[in-house]
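These notes concern the structure reproduced below.
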Amino acid sequence: MEQAKVELLVMDAKQADEQAFTELFQYFNPGLLRFSYKICHNEQLAHDAVQNAWIKITKSLKQLQDPRAFKSWAYQATRWQTLDLIKHYAKERALQVDEPIEALAQTLNEADDVLLHHINELPDIDKHTIHLFYLEQMSLQEVSLILEVPVGTVKSRLNRARKLLKQKMDN
């Protein structure tokens with residue numbers, strides 16, 4: 001979806017247009033689920049976190065000043081909700097790692113599977129950066145906002161992660 005259309009949908013959704021909000025939800029929800037799952041490695045927790053993020057987004061959408069920031073704002077809300085739920089559930093019981101999200105697993109071919117395996121072996125900070133930049137195709141600025149680090153740090157993490165992936169793939 002083009003950025004201009006997203007901005008128009010955000011402006012309409014701010015005016016309580018349910019259809020516009022539904023379109024935003026349908027467009028962004030799959031990416032938010034993948035991102036949340038990448039953080040927590042638990043499908044149910046990822047669904048809960050994304051649902052909580054959408055509730056927060058719904059309640060505070062009118063306060064969003066710049067419609068261009070919606071994407072990074074939604075991913076940031078998802079990140080916060082995922083981390084909150086991880087903390088909450090970690091106190092109650094140890095998290096169990098689920099099988100990968102089936103829809104994502106079905107779309108991978110063998111080469112993608114090997115690459116995804118190597119990405120999953122990266123340290124979390126690098127793995128999240130790679131996921132947002134390459135798999136969700138976000139800009140450096142968007143990744144910076146979501147992970148709450150400077151753009152230079154995002155560049156460093158991407159560079160380090162690419163080097164690590166190259167070493168793993170060459171072995």
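Which is farthest toward the positive dipole end of the chain among Asn42, Met11, Ile146, measuring Cα position about the Cα centre, with Cβ charges +1 (Lys, Arg) and -1 (Asp, Glu)? It is Ile146. Count Lys and Arg as plus one, Asp and Glu as minus one, and take only other residues whose Cβ is under 12 Å from that of Thr58; the net charge is then +3. Taking the Cα centre of segment 1-99 as origin and assigning +1 to Lys and Arg Cβ atoms and -1 to Asp and Glu Cβ atoms, the resulting dipole is close to 400 debye.
The value given for segment 108-171 is a Kirkwood hydrodynamic radius of 11.9 Å, derived from the mean inverse Cα-Cα separation. Ordered by the number of other Cβ atoms lying within 10 Å of each residue's own Cβ, fewest first, Val154, Val6, Val114 fall into the sequence Val114, Val6, Val154.
Only helical DSSP H runs with n ≥ 4 go in: add -39500 (n - 2.57) per run for the chain, normalise by residue count and round the 222 nm mean residue ellipticity to 500 deg cm²/dmol.
Numbers: 9 runs with 127 residues, N = 171.
Here the helix-only value at 222 nm equals -24000 deg cm²/dmol.
Each Cα pair under 8 Å and six or more residues apart adds its separation to the average, and for segment 27-76 the resulting relative contact order is 37 percent. Quick one: pull the percentage of alpha-carbon pairs in the chain with a separation above 29 Å. When every Cα pair of the chain is considered, 22 percent fall beyond 29 Å.
Using Cβ point charges alone (K and R +1, D and E -1), the dipole size of the chain about the Cα centre works out to roughly 740 debye.
At R0 = 22 Å, how high is the FRET efficiency between Leu140 and His88 if r is their beta carbon distance? Nearest 0.05 is fine. List each step's numbers first, then the result.
Numbers: r = 31 Å, r/R0 = 1.42.
Taking R0 as 22 Å, the efficiency between Leu140 and His88 is 0.10.
If the segment from Glu148 to Lys166 were pulled out straight at 0.36 nm per residue, it would be longer than the present Cα-Cα gap by 3.8 nm.
For Thr22 and His117, what is the calculated FRET efficiency with R₀ set at 35 Å and r taken between the beta-carbons, to the nearest 0.05? Efficiency computed from Cβ-Cβ geometry: 0.45. A protection proxy built from the mean count of other Cβ atoms within 10 Å ranks the segments 70-79, 18-27, 141-150, most packed first, as 70-79, 141-150, 18-27.
For Lys127, go through the lysines and keep the ones whose alpha-carbon is under 18 Å away, minus same-chain ones fewer than eight residues off. Excluding near neighbours in sequence, the set is Lys38, Lys155, Lys163, Lys166, Lys168.
Coordinate-derived values only; no laboratory data. Since the structure is predicted, the reported quantities are computational estimates derived from the model, not experimental observations. Positions of Cβ are generated from backbone atoms using ideal geometry, with glycine treated the same way; all protein chains shown enter the neighbour counts.
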